[in-house]
Every structure is written in C-alpha cells, then in structure tokens.
1. Could you pull out the residue among Ser67, Ser49, Ser37, Ser62 that is surrounded by fewer than 10 Cβ atoms within 10 Å (Cβ to Cβ) and modelled with pLDDT of 90 or more?
2. Scan the range 70-96 for residues that are surrounded by 14 or more Cβ atoms within 10 Å (Cβ to Cβ), under 27 Å from the mean Cα position of the chain (by Cα) and of a type in the set (A, V, I, L, M, F, W, C) and jot them down.
3. Quick one: Arg16 ticks every box in (1) touching a Cys at 6+ places or on another chain (Cβ under 8 Å); (2) surrounded by 11 or more Cβ atoms within 10 Å (Cβ to Cβ) bar one, so which box is it?
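The values are calculated or read from the model by the stated rules, or taken from the named source; none is laboratory data. These figures come from a predicted structure and were not determined experimentally. With ideal geometry, Cβ positions are generated from the backbone for all residues, glycine too; neighbour counts draw on all protein chains shown.
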Amino acid sequence: MALADKTLTCRDCGARFTFTAGEQEFYRSRGLRNEPSRCPDCRASRRQSRYGRRDYPRVMYSVVCASCGVETEVPFEPRQDRPVYCSECYAKMRKA
C-alpha cells in the first residue's frame, strides 16, 4: 500500500502541516498508530518544556582551586567546609 502525504492541522496553534509519506513510514516502523496532532514547531516546543531545558545561562561561581591555587569557575555554590578543585586537579583526583 503506497502512502501519500497528508495535510494535518495542529491542535495547539491551528497551523496546517504536512505529514509526509516518509514520516508515516517512520511512525509505522516504530509501531505508532496515531498521527501527530501537533506541528513540528509545537512538538519541539512541548518537548523542550517537558524535559526542563533552560534558555537562560547557568550561574557560575568564582573559586580558587584547593590544590593548585588557580582561579576557576564552578556551576555550584561552594561551601566553606568542602574543598573545590579546578577541572584539571579534579580529573587527576578521580583517576587516583
């Protein structure tokens, strides 16, 4: 049975999008029975919000390495009771 492109309407934004024969074959090969109800842009947006992707930059903290004394940045707020290492010293410690 030859598959033909279908034009569908997105349930979120109402835009019309094409569900190509190739996409239909992909859905069929994965055992998916329902056609997509969202356009590719809305699917990507939903996936991004669902898995918590952040569009804002990570907060970095400036610290001095407890081993070599080099100033570096880390993605967590350091505590006074724990040493913080630069990436090179940390890698050396993990190998040991």
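1. Details: Ser67 fails: surrounded by fewer than 10 Cβ atoms within 10 Å (Cβ to Cβ); Ser49 fails: modelled with pLDDT of 90 or more; Ser37 fails: surrounded by fewer than 10 Cβ atoms within 10 Å (Cβ to Cβ).
Exactly one residue qualifies, and that residue is Ser62.
2. Val74, Cys86
3. Only one criterion in (1) touching a Cys at 6+ places or on another chain (Cβ under 8 Å); (2) surrounded by 11 or more Cβ atoms within 10 Å (Cβ to Cβ) is unmet by Arg16, namely (2).
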